[in-house]
Amino acid sequence: DQIEKGGYDHFMLKEIHEQPKAITDTYRGRMLPIENRIKMSSIEDNLDKFLNANRIIIIACGTSWHAGLVGEYLFEDMARIPVEVEYASEFRYRNPIITNKDVVIAISQSGETADTLAAIKLAKSKGAFVYGVCNVVGSSIARETHSGAYTHAGPEIGVASTKAFTTQITVLTLIALKLGKANGSLAPHTFKNYIQKMQLIPRQVEELLNIDNHVKEIAAVYKDAKNCLYLGRGFNFPVALEGALKLKEISYIHAEGYPAAEMKHGPIALIDENMPIFVIATNKGHYEKVVSNIQEIKSRAGKIIAVVTEGDVQVKEIADHVIEIPDTEEALTPLLTTIPLQLLSYHIAVMLGKNVDQPRNLAKSVTVE
Ligand code: G6P
């Protein structure tokens, strides 16, 4: 067991630290900077289906569903294709409207989730083209889909998904970029810039892993919280959801993720001096709006832990703690903002003496309904 954990105390920590390599493995051979193109035969062979699709429907569960939400922002922004993201468990039972002009993307780490598998079968029976994004090679979902791409993250043992999430986002980014280039939504120089920035991501994740002690100090301050709120906007709204999920899964602290602007329609009522609020406030997307959300929290005495871009000035002045991420394009920030939130949940759970790798009541793969 100790050998398998590669010197780390838990599989989860090992897997968090594997992300620079996992992300590189995911785009290796697919992202070709010198040729300035993305090579994915599973997309090239089905390009007409993607480009002529009325819409893309993404189906998944749990953390994979959060990756799907990031995918929605990526596909719509980069390729201008309408996207809907559905919980597989809801989709399969609500008599969904699907035609042979729809492309369905099913995302699953294990490739064995019962609801996702059933949703795929339903979509296929209605004539949709179904594409899978799986981690486990040869899994049921990989076999059941018409085509697909593996994430190549390597085995994920910790029940709380970490590297599967960032590599799913990596695959979705590659597809979005490829489709955006193919249908002309992305100008050649924009495409090139994204490829260059993507190449920096593994090293930037590495940098974030090096500030682990800072994150640990923050974890020590908030480990006894009873409730936490996670806020983000745009590309980082799904990261807020995932941050909250990670915390509740392994530390059993109640946490909610919310789009920052929705805070005023409910969660704001919960804010007092006992409420830690994790806010993602990167420098490009809606920065000023998030700053004003942070001010609203401050004026209600909430504790603010902000994930900001390095060099940030404004948020630093108001937040109780800041965690800096390296600069990148807004669309790529989820690959970075996720990292400190994973570490934070990990440290809190360890400090509370919880079973990090096998939290109570949860399973790595839910193969029954
Ligand atoms: C379980 C796991 C989660 C995972 C979800 C979906 O709930 O504990 O980590 O995100 O299933 O699993 P999948 O294998 O389909 O991605």
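We did not get these values from a lab; they are worked out from the coordinates using the rules stated. Only a predicted model underlies this, so the values are computations on that prediction, with no experimental measurement involved. All Cβ positions, glycine included, derive from the backbone under ideal geometry; neighbour counts span all protein chains shown.
Treat every Asp and Glu Cβ in segment 252-369 as -1 and every Lys and Arg Cβ as +1, leave all other atoms uncharged, and give the resulting dipole magnitude about the Cα centre to the nearest 20 debye.
Values: 10 positive and 16 negative charges, 77 e Å.
For segment 252-369, the charge dipole is close to 380 debye.
In nm, to one decimal, how far is the modelled label at ARG143 from the one at ARG300, with both set 7 Å along Cα→Cβ?
5.1
Note the full-extension length gain between LYS284 and ASN52 as 0.36 nm times their separation in residues minus their Cα-Cα distance, in nm to one decimal.
Residue separation times 0.36 nm, minus the Cα-Cα distance, leaves 80.4 nm.
Evaluate the distance, in nm, between pseudo-label points positioned 7 Å from the Cα of GLU206 and of HIS189 along their respective Cα→Cβ axes.
Roughly 3.0 nm, to one decimal.
Treating the Cα atoms of segment 268-369 as identical point scatterers in vacuum, please give the log10 of the normalised Debye intensity I(q)/I(0) at q = 0.12 Å⁻¹, two decimals.
For segment 268-369 at q = 0.12 Å⁻¹, log10 I(q)/I(0) is -0.51.
Rg and Dmax of segment 79-154, Cα atoms, in Å?
Gyration radius and largest Cα-Cα distance of segment 79-154: 11.9, 36 Å.
Which residues' amide hydrogens lie under 5 Å from the amide hydrogen of VAL279, considering only partners 5 or more residues apart or on another chain, with H built in the peptide plane?
LEU231, ILE305, ALA306, VAL307
Cut-off 10 angstrom, C-alpha nodes, Gaussian network model of the chain. Which of HIS214, HIS146, HIS189 fluctuates the most?
Residue with maximal mean-square fluctuation among HIS214, HIS146, HIS189: HIS189.
For segment 109-204, just list the percent of Cα-Cα distances falling in each 10 Å bin from zero outward, please.
15, 37, 32, 16, 1
Near the amide H of PHE129, under 5 Å away, which other amide H atoms are found, from residues 5 or more places off or on another chain, if H is placed in the peptide plane?
ASP102, VAL104
When only C-alpha pairs under 8 Å and at least 6 residues apart count, what is the relative contact order of the chain, in percent?
Reported relative contact order: 19 percent.
Extension gain LYS39-GLU262, at 0.36 nm per residue separation less the Cα-Cα distance, in nm?
Gain in length upon complete extension: 76.4 nm.
Less than 13 Å Cβ to Cβ from LYS178, Lys/Arg counted +1 and Asp/Glu -1: what total charge do the surrounding residues give?
+1
Taking the Cα centre of the chain as origin, sum charge times position over the Cβ atoms of Lys and Arg (+1) and Asp and Glu (-1), and report the length of that vector in debye to the nearest 20.
Roughly 760 debye for the chain.
Order these peptides, 155-166, 174-185, by their mean beta-carbon neighbour count within 10 angstrom, highest first.
Peptide ranking by packing, descending: 155-166, 174-185.
Which order do the peptides 92-103, 273-284 come out in when sorted by mean C-beta neighbours inside 10 angstrom, highest first?
Packing proxy ranking, top to bottom: 273-284, 92-103.
Kindly identify segment 1-90 as rounded, prolate or oblate by the Cα gyration tensor criterion: order the square roots of the eigenvalues as a ≥ b ≥ c, call it rounded if a/c is under 1.5, otherwise compare a/b with b/c, prolate if a/b is larger, else oblate.
Oblate, because a/c is 1.5 or more while a/b does not exceed b/c.
Which of PRO259, PRO188, PRO334 moves most in a GNM of the chain, Cα contacts under 10 Å?
Of PRO259, PRO188, PRO334, the Gaussian network model singles out PRO188 as fluctuating most.
How would segment 7-159 be classified by its alpha-carbon gyration tensor: rounded, prolate or oblate, with rounded meaning a/c under 1.5 and the a/b versus b/c comparison settling the rest?
oblate
Once the other residues with Cβ under 11 Å from the Cβ of TYR150 are scored (Lys, Arg +1; Asp, Glu -1), what is the net sum? Show your work: numbers first, answer last.
Numbers: positive: ARG30; negative: ASP25.
Local net charge: 0.
Please label the shape of segment 207-330 as rounded, prolate or oblate, based on the square roots a ≥ b ≥ c of the eigenvalues of the alpha-carbon gyration tensor (a/c under 1.5 means rounded; beyond that, a/b larger than b/c means prolate, else oblate).
Rounded, because the longest to shortest axis ratio a/c is under 1.5.
Among VAL366, VAL313, VAL130, which comes first, second and so on when ranked by fewest other beta-carbon atoms within 10 Å?
Listing VAL366, VAL313, VAL130 from fewest to most nearby Cβ atoms yields VAL313, VAL366, VAL130.
Could you give the length gained by full extension between ALA269 and GLU317, i.e. 0.36 nm per residue of separation minus their alpha carbon distance, to one decimal place?
Length gained between ALA269 and GLU317: 14.9 nm.
Would you mind calculating the relative contact order of segment 107-178 from Cα pairs under 8 angstrom and at least 6 residues apart, reporting the percent as a whole number?
Reported as a whole number, the value is 28 percent.
With no solvent and one point on each alpha carbon, what is the Debye value of log10 I(q)/I(0) for segment 150-202 at q = 0.26, 0.29, 0.30 Å⁻¹?
One equal scatterer on each Cα of segment 150-202 leads to -1.00, -1.11, -1.15.
Mind listing the phi-derived Karplus ³J(HN,Hα) values for segment 25-40, rounded to whole Hz, using 6.51, -1.76 and 1.60 with θ = phi - 60°, and x for any glycine or proline?
Whole-Hz 3J(HN,Hα) from phi for segment 25-40: 4, 5, 9, 4, x, 9, 9, 10, x, 5, 7, 6, 8, 10, 9, 9.
Kirkwood Rh and Cα-based Rg: tell me the resulting Rg over Rh for the chain, rounded to two decimals.
On the Cα set of the chain, Rg over Rh gives 0.95.
Taking 2.2 N^0.38 Å as the expected size of a compact globular protein, what ratio does the Cα radius of gyration of segment 122-266 give against it, to two decimals?
1.28
Filter LYS101/LYS289; LYS163/LYS197; LYS124/LYS178; LYS21/LYS364; LYS101/LYS178; LYS5/LYS316 down to the pairs with a C-alpha to C-alpha distance above 26 Å, please.
Flagged as over cut-off: LYS101/LYS289; LYS5/LYS316.
DSSP beta bridges in the chain, what fraction antiparallel, as a percent rounded to 5?
Among the beta bridges of the chain, antiparallel pairing accounts for roughly 5 percent.
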